[in-house]
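Reading through the structure tokens given below for one structure.
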Amino acid sequence: MRHIKLINSQTEQVIAGKVKGAYTFWPRFKGLMLTKSMPENTGLHISPCPSIHTFFMKYSIDILYLNKENEIVGIEENLEPGKIGKRFSGAYSVIEFPAGTIKDTPTFSGQAVKFC
């Protein structure tokens, strides 16, 4: 599977160097369930997907919620296993990262991201 980089369009900083896409039913359904960990510098882009949960996960994650224009409409940090994520108006897709990724990058709601 091909991985892509996720870059903050405003700062040009790489948020994650290896983002995997989940764009069909089964990969979207499975997401990160039953995985043991998520390596640093990785992400999972799930689209379409306006909200998430962390049931059947063993670790916390950070989440960016994007609209159709890849603008960040919501951010959730350190969502623990067994929880339901927040709902953000206009969210069309999500990108899940290892916990701590968002605080390590200057990434904020209202910014846009690009996939390279």
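Does Leu66 qualify as being out of contact with any strand residue (DSSP E or B) (no Cβ under 9 Å at 6 or more places or on another chain) and among the aliphatic types (A, V, I, L, M)?
Values: out of contact with any strand residue (DSSP E or B) (no Cβ under 9 Å at 6 or more places or on another chain): no; among the aliphatic types (A, V, I, L, M): yes.
Spelling it out, it is not the case that Leu66 is out of contact with any strand residue (DSSP E or B) (no Cβ under 9 Å at 6 or more places or on another chain) and among the aliphatic types (A, V, I, L, M).
If you check Asn67 against the conditions, is it polar (S, T, N, Q), under 18 Å from Ala112 (Cβ atoms) and surrounded by 14 or more Cβ atoms within 10 Å (Cβ to Cβ)?
Working: polar (S, T, N, Q): yes; under 18 Å from Ala112 (Cβ atoms): yes; surrounded by 14 or more Cβ atoms within 10 Å (Cβ to Cβ): yes.
It is true that Asn67 is polar (S, T, N, Q), under 18 Å from Ala112 (Cβ atoms) and surrounded by 14 or more Cβ atoms within 10 Å (Cβ to Cβ).
If you go through region 48-64 one residue at a time, how many are small (Gly, Ala, Ser) and buried (at least 16 other Cβ atoms within 10 Å of the Cβ)? Before the answer, list the steps.
Narrowing region 48-64 to residues small (Gly, Ala, Ser): 51, 60.
Still in the running and buried (at least 16 other Cβ atoms within 10 Å of the Cβ): 60.
Number of matching residues: 1.
Output the residue which, of all residues in region 15-37 that are surrounded by fewer than 15 Cβ atoms within 10 Å (Cβ to Cβ) and among the aliphatic types (A, V, I, L, M), is nearest to Glu71 (Cα to Cα).
Ranking the qualifying residues of region 15-37, first place goes to Met33.
Return a yes/no flag: does region 63-74 have any residue that is part of a loop (DSSP other than H, G, I, E, B), at pLDDT below 95 and on the phi < 0 side of the Ramachandran plot.
If we filter region 63-74 for residues that are part of a loop (DSSP other than H, G, I, E, B), which is where we start, we get 67-70.
If we keep only those that are at pLDDT below 95 as well, we get none.
Looking through region 63-74, none of the residues is part of a loop (DSSP other than H, G, I, E, B), at pLDDT below 95 and on the phi < 0 side of the Ramachandran plot.
Are there any pairs, at least 6 apart or on different chains, whose C-beta atoms fall under 8 Å, with the first in region 83-97 and more than 14 Å from Glu69 (Cβ to Cβ) and the second among the acidic types (Asp, Glu) and surrounded by 23 or more Cβ atoms within 10 Å (Cβ to Cβ), and if so, which?
From region 83-97, the pairs are Glu96/Asp62; Phe97/Asp62.
The values are calculated or read from the model by the stated rules, or taken from the named source; none is laboratory data. Small disclaimer: the values here were computed from a predicted structure and weren't measured. All Cβ positions, glycine included, derive from the backbone under ideal geometry; neighbour counts span all protein chains shown.
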